[in-house]
Amino acid sequence: AEYGEMKTSLLLFLCFIFVVNSLITEEKEGLEAFLNSIINLPKDWKIETIDDACSWEGIDCNDDEHIVSISLDDKALSGTLPSEISNFQWLRKLDLSMNNLTGTIPPSLSQLFDLYQLSLGQNNIEGTIPYQIGHREMSIDELSLYDNKLIGQIPASFGNLTHLAKLLLYNNVNLTGCVPLGLSRIPLTNCDLSNTNLSCCNNKVSCYTTATEFCWVTPTDRKISIIILVLFLVILAIVISVAAIIRKFRRRKTVYNTIIDESSRQRLSEKQENAFPL
């Protein structure tokens, strides 16, 4: 029995090691794809030291040596983002802003469910914004794609990004269409769509845009809305109070009239009795 338990434990341990090694292998493949797709990476990014990637410039790892952050902003990088970016399953932050990257945004980014910051602003990235990024399970808090050459519309699926607080798409002049209504349900704190051809289409979205129609709900607008709501509640309270007073007055008047009528009938009866004594 003990031998069987030891055998089972050993088998489970070997399976665990296999899974961990497979995951680490996937991350290594992702780094290799980076090395093949992106030019001007830091000098310590070398295939020979890939086993020590956690010490590379711009990379942070967790205690289990899984990559959780890649920050290479303003490094004069060029090239394209590889689809193998999805191999970094523990990645929480990807910042490649202020470089010279080209190509398109890989839809495979939608497989990084722990990713909370995606910063690709100020590059030369083309194409549409992948609708897959609006996956319901994504945890994106900050999405910065400003100063690129993006085209098309904001995917309607962005309404699923309930954690989204910062959305920067400005200076993408070929972005067109309506801002998705779903964004109005998200408490955006910083949203800039200026210098695009996006329109709010009467959707009340908390975004700054150069569109001619009003759609940016400013703090002043919120204050005005709150003041109007307070005034409405005050007026409603006054109306209810006045109505209650009127009802109370009417009840008292009814009681008073009843008493008066009863008193009048009693006096009339007394007069009749005095006029015609038995």
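The values are calculated or read from the model by the stated rules, or taken from the named source; none is laboratory data. Just so it is clear, the structure is predicted and the values come from calculations on it, not from any experiment. A quick note on method: Cβ atoms are made from the backbone with ideal geometry, for glycine too, and the neighbour counts reach across all protein chains shown. Accessible surface is based on the protein model in full, side chains and every heavy atom, while ligands, DNA and RNA are left aside. Shrake-Rupley method; radii C 1.70, N 1.55, O 1.52, S 1.80 Å.
Would you please name the residue that is nearest to L193 (Cα to Cα), looking only at residues in region 107-118 that are open to solvent by less than 10 Å² (accessible area, probe 1.4 Å) and outside any helix (DSSP H, G or I)? Before the answer, list the steps.
Going residue by residue through region 107-118, those that are open to solvent by less than 10 Å² (accessible area, probe 1.4 Å) are 109, 112, 115, 118.
Checking the rest, the ones that are also outside any helix (DSSP H, G or I) come to 112, 115, 118.
Values: L112: 25, L115: 22, L118: 17 Å.
Among residues in region 107-118 that are open to solvent by less than 10 Å² (accessible area, probe 1.4 Å) and outside any helix (DSSP H, G or I), the one nearest to L193 (Cα to Cα) is L118.
If N190 meets every condition in (1) touching an Asp or Glu at 6+ places or on another chain (Cβ under 7 Å); (2) modelled with pLDDT of 80 or more; (3) over 18 Å from G134 (Cβ atoms) apart from one, which number is that one?
All conditions pass for N190, except number (1).
What single numbered condition from (1) of a type outside the set (V, I, T); (2) in contact with a Cys (Cβ under 6 Å, 6 or more places away or on another chain); (3) in contact (Cβ under 8 Å) with a residue 60 or more places away in the chain fails to hold for N87?
Status for N87: all satisfied but (2).
Considering only residues that are touching a residue at least 24 places away in the same chain (Cβ under 8 Å) and aliphatic (A, V, I, L, M), which ones fall in region 40-54? Write out each step before concluding.
So the first thing to find is which residues in region 40-54 are touching a residue at least 24 places away in the same chain (Cβ under 8 Å), and the list is 40-42, 53.
Residues satisfying the conditions are L41, A53.
Is one or more of the residues making up region 7-26 under 20 Å from G121 (Cβ atoms) and either at pLDDT below 95 or of a type in the set (V, I, T) (or both)? Outline the logic, then answer.
We begin by selecting, within region 7-26, every residue under 20 Å from G121 (Cβ atoms); these are none.
Within region 7-26, none of the residues are under 20 Å from G121 (Cβ atoms) and either at pLDDT below 95 or of a type in the set (V, I, T) (or both).
So, in region 91-128, exactly how many residues are of a type outside the set (A, V, I, L, M, F, W, C) and within 18 Å of the chain's Cα centre (by Cα)?
Step one: of region 91-128, the residues of a type outside the set (A, V, I, L, M, F, W, C) are 92-93, 95, 97, 99-100, 102-104, 106-108, 110-111, 114, 116-117, 119, 121-124, 126-128.
Retained after the next criterion (residues that are within 18 Å of the chain's Cα centre (by Cα)): 92-93, 110-111, 114, 116-117, 119.
The qualifying residues number 8.
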